[in-house]
Every structure is written in structure tokens, then in C-alpha cells.
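The values are calculated or read from the model by the stated rules, or taken from the named source; none is laboratory data. What you are looking at is a predicted structure, and each value in this text was computed from that prediction instead of being measured. Reconstructed Cβ throughout: ideal geometry from the backbone, glycine too, with neighbour counts over all protein chains shown. When the accessible area is computed, the model is the full protein with side chains, heavy atoms only, and any ligands, DNA or RNA have been set aside. Shrake-Rupley method; radii C 1.70, N 1.55, O 1.52, S 1.80 Å.
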Amino acid sequence: MHDTSVSRPNIIEHVPAGQMCCDPIWEAAYARFETPEEEVAKFVRRLKQFGFEGLDRNSKIVEIFCGRGNGLVALERLGFVNVEGVDLSDTLLQQYNGTAQLHLANCLDLPFEDNSYDVVIVQGGLHHLPQMPGDLDQAAGEVKRVLRPEGAFFVIEPWRTPFLTFAHFVTELRVMRSLYPKGDALAVMTEQERVTYEQWLAMPSKIREVFRRHFQEVQWKTRWGKLAGVFRVG
Ligand SMILES: C[S@@+](CC[C@H](N)C(=O)[O-])C[C@H]1O[C@@H](n2cnc3c(N)ncnc32)[C@H](O)[C@@H]1O
């Protein structure tokens with residue numbers, strides 16, 4: 001018989017559970033914004049744009065701030081077999097359904113050996129850091145420490161471009177929020193993370209300076225409201 005059961009994710013707890021819980025309002029808006037399948041398809045597209053199809057499928061990869069792990073599912077769909085994820089929310093990690101090793105840990109203090117990964121990836125996590133730019137400096141230092149000398153760091157984060165300003169303007173209009181449910185969901189999510197999100201968007205040059213202090217910049221693309229950055233250790 002076909003097994004349709006959802007297996008329990010494999011989580012190593014490096015910090016106590018319950019430190020960060022998913023916000024039910026944000027969660028509900030997120031569920032309205034994208035289905036898991038739409039989200040996985042988006043992550044697959046992004047990984048292809050970064051050139052992941054050309055990487056060795058045995059590369060040791062860790063996604064930091066992985067949340068419920070749909071980015072890990074995308075990596076698995078592309079055939080990567082050495083995939084791990086780190087997040088501080090045990091409730092989000094529990095929602096992952098796949099074979100990657102998960103770590104309940106703080107991304108400011110990664111529970112990994114020095115020089116142990118080929119690739120680190122983050123998709124929308126750094127803009128949640130509360131103490132900026134100090135926390136980013138610490139997170140970047142940790143990524144650099146755990147990457148091998150030939151390793152690469154792939155970053156997708158929100159970025160203030162004319163498109164983002166326009167998208168916020170439109171989705172915050174009362175009439176649009178009632179006509180366009182996806183826009184309303186986006187507006188609710190933005191509202192819930194407003195403080196760190198605005199703080200992140202307000203310091204583009206400081207952020208770039210921190211990345212450049214730790215890494216060699218290989219790609220810095222800002223368009224459609226996103227930064228798509230690629231950095232190397234040396
Ligand atoms: C917007 S979610 C993004 C999740 C995932 N990358 C995605 O796109 O679905 C941000 C995530 O960062 C996590 N997070 C925030 N601060 C963290 C920290 N210091 N260490 C580890 N995870 C953290 C939250 O628990 C949340 O899962």
C-alpha cells in the first residue's frame with residue numbers, strides 16, 4: 001500500500017525549544033500568501049538562477065533561517081543529498097517533511113565545525129535580526145567560519161527597489177487589500193515584522209559593507225524588491 005504518512009523531521013536541539021514561536025497571525029497570512037507547493041517552486045527557480053544545477057550534488061549545504069524547510073525541499077528536488085537546515089523555531093522546523101538534518105539553533109552561534117560546508121544559503125532570514133548591523137556582522141562571521149575555503153554564501157533578502165516601494169504602496173491600499181487577497185496577506189506579514197524589516201531596508205550601504213568585510217562579493221543584484229547576493233570566502 002502507498003504510504004502517505006508524514007514522517008517526523010530529524011531535529012538536533014542545540015538550544016532549548018520554545019525560544020521563538022511562530023506568530024499565529026503571520027502564519028495565517030503566510031498560508032494565504034503561498035501554498036507549500038508554490039513556495040517550493042519559487043525556491044527551485046531561485047536556486048536555478050543562482051546556478052545550483054551546475055553544483056556537485058554531494059556538496060555539503062546548510063540553509064540558515066530555514067523556517068519550515070521548503071527551501072530544503074527545493075534543494076532535495078534538485079538532487080542534493082547533503083542538506084541541513086538551521087532555525088530557532090521548533091514549531092516551524094516540525095512542519096518540515098523531508099530527509100534533511102535539522103538543527104534547532106541560533107544562527108548567530110552556528111553549531112558546526114570550522115571549514116565544514118561547501119554552501120551556506122539564506123532566503124529571507126537576515127532581515128529578522130534585531131540588533132543591526134551588529135547581528136549581521138556576527139551572522140556573517142559565523143557563515144565565514146563554517147564555510148570551506150572554496151565555499152560560497154548565497155543570499156536572498158528583501159531590498160528597497162522602486163518595485164518594492166510600489167508593491168508596498170499598492171498592497172497597503174484598503175481597496176486593493178479587499179480586492180487582492182495575496183496583497184492583503186503580504187501587507188499583514190509586513191506589518192507583523194515591521195520593526196526589523198524597516199530597519200533592514202533603511203541601511204543598504206551598511207549591509208553591503210558588512211558582507212564585503214567578511215567575503216569577496218561575486219554577485220550583487222538588486223531587483224524586484226530582492227537582493228540576490230553571492231559571496232566567496234577568499
Ligand atoms: C521569514 S522566516 C523565513 C523562513 C524561510 N527561509 C522561508 O523562506 O520560508 C524567518 C525565519 O528566521 C528564523 N529566525 C529568526 N531569528 C533567528 C536566529 N537568530 N537564529 C535562527 N533562526 C532565526 C525564524 O524562526 C523564521 O523561521
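Taking region 23-60 as the region of interest, how many residues are of a type in the set (A, V, I, L, M), assigned to a helix (DSSP H, G or I) and surrounded by 13 or more Cβ atoms within 10 Å (Cβ to Cβ)?
6
From the list 83, 122, which residue is within 28 Å of residue 219 (Cβ to Cβ), within 13 Å of the ligand (Cβ to nearest atom) and of a type in the set (Val, Ile, Thr)?
Result of the check over 83, 122: 122.
Would you pick out the residues in region 66-91 that are open to solvent by less than 40 Å² (accessible area, probe 1.4 Å) and under 18 Å from residue 111 (Cβ atoms)?
Scanning region 66-91 gives 66, 67, 69, 72, 83, 84, 85, 86, 87, 88, 89, 90.
So that you can scan it fast, the table gives a plain yes or no per residue for (1) modelled with pLDDT of 95 or more; (2) near the ligand (Cβ under 9 Å from one of its atoms); (3) hydrophobic (A, V, I, L, M, F, W, C):
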{"site": "22", "(1), (2), (3)": "no, yes, yes"}
{"site": "30", "(1), (2), (3)": "no, yes, no"}
{"site": "36", "(1), (2), (3)": "no, no, no"}
{"site": "40", "(1), (2), (3)": "yes, no, yes"}
{"site": "51", "(1), (2), (3)": "yes, no, no"}
{"site": "55", "(1), (2), (3)": "yes, no, yes"}
{"site": "59", "(1), (2), (3)": "yes, no, no"}
{"site": "77", "(1), (2), (3)": "yes, no, no"}
